[in-house]
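Engineer: Right, I'll just put the structure down here and ask away after.
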Amino acid sequence: MREHSVRRSLQIYERAQALVPGTTQLISRRPTRAALGVSPIYAERAKGCRIWDVDGNEYIDWTSAVGPVILGYADEVVDAAVRAQIDRGTIYSIVQESAVELAEELVRIVPSAEMVRYCKGGGEACTIAVRIARGVTGRDKVLFCGYHGWHDWYQAANIGAERLASHLFNGIEPIGVPRCLEGTALPFTYGDVDELTALLEAHAGELACIIMEPMRSDEPPPGYLEKVRELASHYGVVLIFDEVSSGFRVALGSAQEYTGVTPDVSVFAKAISNGYPMGAVVGKREFMAPAAQMFISSAYWDDNIGVAASLATLRELERRDAVGHFQRIGTFFKEQIDAAAAAVGLDASCEGVAAHPHIRLGAEDAATAAKVNTLFIQENARRGVILATGFMFNCAHGEAEVEQTAAVVRESFAVIGEGLERGTLDELLAVPPQEELFRRLVR
């Protein structure tokens with residue numbers, strides 16, 4: 001194995017620490033959440049499913065920009081549509097017909113969509129959806145399950161007690177969130193109908209909405225989402241599906257098409273535009289139309305670039321049969337990872353739906369798990385693969401990349417197995433154990 005160095009990345013990282021709080025804008029991109037000292041930090045360029053870092057290293061990237069890249073980096077069709085729009089103007093004093101065309105496309109594709117609003121990101125879209133639900137119902141409280149961003153309405157759940165540990169990660173301090181919001185955002189456990197029913201009963205007449213991730217990697221428990229839909233209707237609360245992560249992967253119409261359960265309002269971002277800033281809130285007319293009377297407004301939500309990118313992305317996803325591709329490549333990926341684990345006798349497997357699986361690494365306790373996860377990321381990076389236990393396919397991933405990655409993973413699994421058997425994980429780690437990852441209650 002050739003010598004691997006990220007020296008230039010680390011030099012830039014040192015500069016960033018003095019200038020950028022947290023060093024990145026997205027927590028998931030923070031170097032401390034990978035294998036700091038081995039994993040790449042700064043990219044020079046990317047194409048398809050590959051990234052080249054500032055040190056000249058080439059990697060197969062399975063993270064896909066933490067979800068936004070669904071067709072592949074620097075996709076020629078999407079980028080051509082964006083360049084053409086730049087030549088016509090990125091934003092105007094008035095609006096462009098393409099915004100209506102995108103709304104028509106979303107209404108055609110997404111089961112819950114009858115009307116559409118735009119924004120620029122997932123957390124922002126969730127906040128808009130919650131504002132609409134509060135405005136329509138005249139109530140304040142929110143029941144939530146999953147990860148829904150950084151805004152006050154969501155982070156308020158941690159005022160007074162730790163309530164986000166299973167939905168996001170442990171130890172989030174709601175610094176700067178008004179304490180008067182305590183008790184307005186209440187979590188519920190995915191799959192537990194009795195708990196949800198009890199919360200709806202206990203707060204009857206006070207709840208604006210249920211906002212939840214309908215699924216991510218694992219199949220929902222049989223009948224669960226159907227029961228949530230039934231309960232939302234019975235108690236007169238707005239049901240919001242946060243499809244920022246699940247959107248357009250298991251079905252073109254997203255998880256709601258895949259499961260056959262239609263919410264009142266849905267939220268999309270990330271993959272909707274293949275890496276260009278864009279988000280959308282869609283929903284049934286009775287819930288969306290009142291938003292015209294609410295002050296929900298921003299200059300850049302009428303930007304033409306995100307609309308052009310989204311139109312091109314959605315049309316290409318359909319033309320290329322992206323969902324079928326994810327199903328095929330995911331099935332092959334799962335088989336190859338499972339075979340790599342079996343070959344070295346490691347307790348590990350690739351689980352979940354084929355279009356969006358995850359890797360399970362067996363560990364006896366949380367401390368060991370942190371070391372094993374970091375060692376996995378470290379050894380993969382040394383061998384030219386960006387891969388953690390959670391990942392996202394894009395259309396540029398092919399069988400050749402799966403085979404190359406499986407060979408790398410087999411070697412990484414062998415190193416992990418040796419460390420577990422001999423008790424030498426600390427010696428094998430060239431970096432500190434990664435900071436705690438997201439604790440996904442919805443997997």
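Engineer: Pick from the stretch 1-59 the residues that are in contact with a Lys or Arg (Cβ under 8 Å, 6 or more places away or on another chain) and free of Cβ contacts under 8 Å to residues at least 40 places away in the same chain: which of them is nearest to residue 75 (Cα to Cα)?
Structural biologist: 52
Engineer: Here is a further query. Six or more apart or on different chains, Cβ under 8 Å: which pairs go from a residue in the stretch 254-277 that's on the phi > 0 side of the Ramachandran plot to one that's acidic (Asp, Glu) and part of a loop (DSSP other than H, G, I, E, B)? Could you list them?
Structural biologist: Pairs that qualify, where the first residue is on the phi > 0 side of the Ramachandran plot and the partner is acidic (Asp, Glu) and part of a loop (DSSP other than H, G, I, E, B), are 254/243; 274/75.
Engineer: Out of the residues in the stretch 43-86 that are hydroxyl-bearing (Ser, Thr, Tyr), more than 21 Å from residue 304 (Cα to Cα) and touching a strand residue (DSSP E or B) at 6+ places or on another chain (Cβ under 6 Å), which is surrounded by the most Cβ atoms within 10 Å (Cβ to Cβ)?
Structural biologist: Once the filter is applied, the top-ranked residue is 59.
Residues checked against (1) outside any helix (DSSP H, G or I); (2) free of Cβ contacts under 8 Å to residues at least 40 places away in the same chain; (3) not basic (Lys, Arg):
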| site | (1), (2), (3) |
| --- | --- |
| 142 | yes, no, yes |
| 157 | no, yes, yes |
| 162 | yes, yes, yes |
| 180 | no, yes, yes |
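Engineer: Before we move on, is residue 14 assigned by TED's automatic domain parsing to the domain that holds residue 325, outside any loop (DSSP other than H, G, I, E, B) and farther than 25 Å from residue 394 by Cβ? It would help to see each step written out before you state the result.
Structural biologist: On the way: assigned by TED's automatic domain parsing to the domain that holds residue 325: yes; outside any loop (DSSP other than H, G, I, E, B): yes; farther than 25 Å from residue 394 by Cβ: yes.
Taking the combined requirement at face value, the residue satisfies it.
Engineer: Filter the stretch 186-227 down to residues that are exposed (fewer than 14 other Cβ atoms within 10 Å of the Cβ) and among the hydrophobic types (A, V, I, L, M, F, W, C), then give me how many there are.
Structural biologist: The number of residues fulfilling the criteria is 3.
Engineer: Sort out which residues of the stretch 92-124 are touching a strand residue (DSSP E or B) at 6+ places or on another chain (Cβ under 9 Å), of a type in the set (Lys, Arg) and not in a strand (DSSP E or B), and write them in order of number.
Structural biologist: 120
Engineer: Among the residues of the stretch 161-196, write down those that are in contact with a helix residue (DSSP H, G or I) (Cβ under 7 Å, 6 or more places away or on another chain), over 26 Å from residue 216 (Cα atoms) and not charged (D, E, K, R).
Structural biologist: Result: 177, 178, 181.
Engineer: Same structure, new question: It is to be established whether one or more residues within the stretch 345-352 are touching a residue at least 24 places away in the same chain (Cβ under 8 Å), under 19 Å from the mean Cα position of the chain (by Cα), assigned to a loop (DSSP other than H, G, I, E, B) and farther than 29 Å from residue 6 by Cα. Outline the logic, then answer.
Structural biologist: Of all residues in the stretch 345-352, those touching a residue at least 24 places away in the same chain (Cβ under 8 Å) come to 345-346, 348, 351-352.
Narrowing further to those that are under 19 Å from the mean Cα position of the chain (by Cα): 351-352.
Adding the requirement that they be assigned to a loop (DSSP other than H, G, I, E, B) leaves 352.
Add one more test, that the residue is farther than 29 Å from residue 6 by Cα, and what stays is 352.
So far as the stretch 345-352 goes, yes, one or more of its residues are touching a residue at least 24 places away in the same chain (Cβ under 8 Å), under 19 Å from the mean Cα position of the chain (by Cα), assigned to a loop (DSSP other than H, G, I, E, B) and farther than 29 Å from residue 6 by Cα.
Engineer: Within the stretch 270-305, take every residue that is small (Gly, Ala, Ser) and crowded, with 17+ Cβ neighbours inside 10 Å and give me the one that is nearest to residue 247 (Cα to Cα). Spell out the reasoning first.
Structural biologist: Initially, the stretch 270-305 is screened for residues small (Gly, Ala, Ser), giving 271, 273, 275, 279-280, 283, 289, 291-292, 297-299.
Adding the requirement that they be crowded, with 17+ Cβ neighbours inside 10 Å leaves 271, 273, 275, 279-280, 283, 291.
Values: 271: 7, 273: 11, 275: 14, 279: 11, 280: 11, 283: 15, 291: 23 Å.
That would be 271.
Engineer: Taking the conditions exactly as written (outside any loop (DSSP other than H, G, I, E, B), more than 24 Å from the chain's Cα centre (by Cα), in the same structural domain as residue 129 (by TED's automatic domain parsing) and hydrophobic (A, V, I, L, M, F, W, C)), does residue 312 satisfy them or not?
Structural biologist: Numbers: outside any loop (DSSP other than H, G, I, E, B): yes; more than 24 Å from the chain's Cα centre (by Cα): no; in the same structural domain as residue 129 (by TED's automatic domain parsing): yes; hydrophobic (A, V, I, L, M, F, W, C): yes.
Spelling it out, it is not the case that residue 312 is outside any loop (DSSP other than H, G, I, E, B), more than 24 Å from the chain's Cα centre (by Cα), in the same structural domain as residue 129 (by TED's automatic domain parsing) and hydrophobic (A, V, I, L, M, F, W, C).
The values are calculated or read from the model by the stated rules, or taken from the named source; none is laboratory data. This one's a predicted model, so the numbers in the text were calculated from it and none came from an experiment. When we count neighbours, we look across all protein chains shown, and the Cβ atoms used for this are built from the backbone with ideal geometry, even at glycine.
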